[in-house]
Amino acid sequence: MTHHDLALIGFGGVNRALAEIIRDRGDDLAADLGFGLRVVAITDLRLGSLMQSDGIDLGAVLSMTGLDTFAGMPGGDAEPRNEYVIRHTTADVVVEATFTNPVDGEPAISHVRAALESGKSVTTTNKGPVALAGTALNRLAAENGVRFEYEGSVMSGTPVLRLAQQTLRGLRITRVQGILNGTSNFVLGQMESGRSLEDAVAEAQALGYAEADPTADIEGSDVQLKVVILANELLGADITTADVSRVGISGITATDVIAAAAAGEHWKLIGTVDRDEAGAVTASVQPLSLAADHPLAGISGATNAIAFTTDLLGAITMSGPGAGRLETAYALLSDIIAIDAHQASLAGALR
Ligand code: HSE
């Protein structure tokens, strides 16, 4: 049976969850998917670097305590030598899950570039490289005959990008509108129940939905990155964050939220991309008070949803998780499955 060797760059919640899935379900997945998965490299800011081309014992690594590092282990080093590991690992797929930097996308953009240049496919859940350098990185992947996959950059493991790209082909999508940030949706819902914005944000942080800096959730810059990705991926645009007007939810008061609920409406932080007849794309992030019959009005808690307006089918709405460690790790797995399918189709074409 074939297998894929993975290098995990960043060993925080998401890549740890992927390692747990492989540890706990590797045999079942191999039987289901027709290929095995093996982790041959891990880098982490705190643990350092580990390269073992025969496969790392995931049980051992996952049980390391807070004081341990990879130093002293065969192939181990106390330093997180990300670019060295990416370029020299025997992995065929690099799994990039470092933090999202919404300003310049680094160091993730450099990680992705190093992997693609050295002939490895990449899967990432990191919005930075996709929103800020997606076109260039896709070109680099094509030049090197490998794949750059990023299903988890929008709505975590809920397969919104692949759904639209693969199963809505032939339709004209004229509008994409979504609840794309779980934290802000959770916070607005909690405010309807009388809690303060600050208390609700603290709980979203404790639940693991919020970004490292929750300002990105509350002030809309997380959604702004996702809107850029949706516009460029699904509506053929070539926009940047500067092209997306942005208003967050910090100006929404408890009085606003409660008054809307009394009138049967719900405040939501909405990302929208529109394409007109001439192909011009406009994009925004803003709080909107939605009437009860709007397809996104009933989406509660940290759940995300996206509504496509299409010419032949009308409105299509998909909802599902937009955050969470296992949910986001599933996005990585779905990308690896897509990479495998692509490689299999190339091999078939060459036969
Ligand atoms: N902080 C984000 C959210 C996580 O709350 O939806 C996923 O991008």
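The values are calculated or read from the model by the stated rules, or taken from the named source; none is laboratory data. The shown structure was predicted, so the numbers you read here are calculated from the model rather than taken from an experiment. All Cβ positions, glycine included, derive from the backbone under ideal geometry; neighbour counts span all protein chains shown. Accessible surface areas use protein heavy atoms only, side chains included; no ligands, DNA or RNA. Shrake-Rupley method; radii C 1.70, N 1.55, O 1.52, S 1.80 Å.
Laid out as a table, the results:
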item: Total residues in segment 109-133, condition within 16 Å of the ligand (Cβ to nearest atom) and part of a helix (DSSP H, G or I); result: 6
item: Top-ranked residue of segment 90-102 - restricted to ones that are open to solvent by 10 Å² or more (accessible area, probe 1.4 Å) and of a type in the set (V, I, T), ranked as modelled with the lowest pLDDT; result: T100
item: Selection from segment 103-122 of residues that are out of contact with any Ser or Thr (no Cβ under 9 Å at 6 or more places or on another chain) and crowded, with 24+ Cβ neighbours inside 10 Å; result: L116, S121, V122
item: Residue among G157, G170 that is more than 16 Å from the ligand (Cβ to nearest atom) and part of a loop (DSSP other than H, G, I, E, B); result: G170
item: In segment 182-229, the residues that are more than 22 Å from V103 (Cα to Cα), open to solvent by less than 10 Å² (accessible area, probe 1.4 Å) and more than 10 Å from the ligand (Cβ to nearest atom); result: L188, M191, A200
item: Residue match in segment 25-47 (condition: outside any loop (DSSP other than H, G, I, E, B), in the same structural domain as G119 (by TED's automatic domain parsing) and among the basic types (K, R)); result: yes
item: Every residue from segment 294-345 that is touching a residue at least 24 places away in the same chain (Cβ under 8 Å), hydrophobic (A, V, I, L, M, F, W, C) and open to solvent by 30 Å² or more (accessible area, probe 1.4 Å); result: L312, L313, I316, M318, L326, I337
item: Any hit, segment 150-158, residues being open to solvent by less than 10 Å² (accessible area, probe 1.4 Å), modelled with pLDDT of 95 or more, outside the structural domain of E233 (by TED's automatic domain parsing) and charged (D, E, K, R); result: yes
item: Every residue from segment 157-196 that is among the hydrophobic types (A, V, I, L, M, F, W, C) and closer than 24 Å to R325 by Cα; result: V160, L161, L163, A164, I179, L180, F186, V187, L188
